[in-house]
Amino acid sequence: MRGPKFECQSGPRQISIVHCVHTVKGVARSLKTQLKVNVRRKTLANRVNSKKVTEAVFFRLMQYFAVCLFECNEADDFSPAKTLMTMCFTFFYEGPSPNGGEEKIFLYTYLRDQPIWQSLRFWNAAFFDAVQNERSRRPMPTSSDGKETVTDDRQFQANITFGQLGSFVCNMRSFGLSKELCLEFLRKQSTIANLNKDQVKLLRDNIDRVNDKT
């Protein structure tokens, strides 16, 4: 089933992924006094530093994101989708709460039905990119470095993987992915990274604590 088409500026047409990504970036720039985004931070950190927008801007962003994510999925273009995934947990507006008062409503709550979230290929590629970006901030040890330096680097890399896995499985559950799919993702990535049993248990417990479609 093909995704929705939206009207954009001159009239209804299928929006290119480049045009959509540029439009999203343009919206962020025009609202930079209140929407300054750092997409390289971990998702949990972004939730702390989330950006409030007006309801009109919120739904405009939702429209652009929906088209971009659909095109990313069609083209197997996971890099921009990873950026948009992070931004889904950044932008929010304050809407009425069922219990009275107001609550923060984030973009991800309206974008859970995007097909790309159901693709383990996307999550594997996005996770690999996130880990590599974080690893690149520290020089790799060379053959001339001592054993202690090499051991320290291995621990550093394991900590990166552990932290990123915690963020990713939380995101996956927030998008409504099944516990089984999240556990399969965790099993694969933790095996590749050679995480210890205690780390894997903590991550599994984290998955268990998050209800479906939180």
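Observations on the model:
- Close pairs from segment 58-82: first under 18 Å from residue 130 (Cα atoms), partner at pLDDT 95 or above and among the aromatic types (Phe, Trp, Tyr), Cβ under 6 Å, at least 6 apart: 78/122
- The criterion of being under 13 Å from the mean Cα position of the chain (by Cα), among the hydroxyl-bearing types (Ser, Thr, Tyr), crowded, with 17+ Cβ neighbours inside 10 Å and not assigned by TED's automatic domain parsing to the domain that holds residue 167 does not hold for residue 93.
- Apart from one condition, residue 128 fits all of (1) under 14 Å from the mean Cα position of the chain (by Cα); (2) part of a helix (DSSP H, G or I); (3) touching a residue at least 12 places away in the same chain (Cβ under 8 Å); the exception is (3).
- Among residues of segment 57-110, those that are closer than 14 Å to residue 175 by Cβ and part of a strand (DSSP E or B), counted: 1
- Scanning segment 174-183 for residues that are surrounded by 13 or more Cβ atoms within 10 Å (Cβ to Cβ) and part of a helix (DSSP H, G or I) gives 174, 179, 181, 182, 183.
- Single residue of segment 176-187 satisfying the filter (in contact (Cβ under 8 Å) with a residue 40 or more places away in the chain and touching a Leu at 6+ places or on another chain (Cβ under 8 Å)) that is farthest from residue 119 (Cα to Cα): 184
The values are calculated or read from the model by the stated rules, or taken from the named source; none is laboratory data. Since the structure is predicted, the reported quantities are computational estimates derived from the model, not experimental observations. Here Cβ is always computed from backbone atoms with ideal geometry, including for glycine, and neighbour counts include all displayed protein chains.
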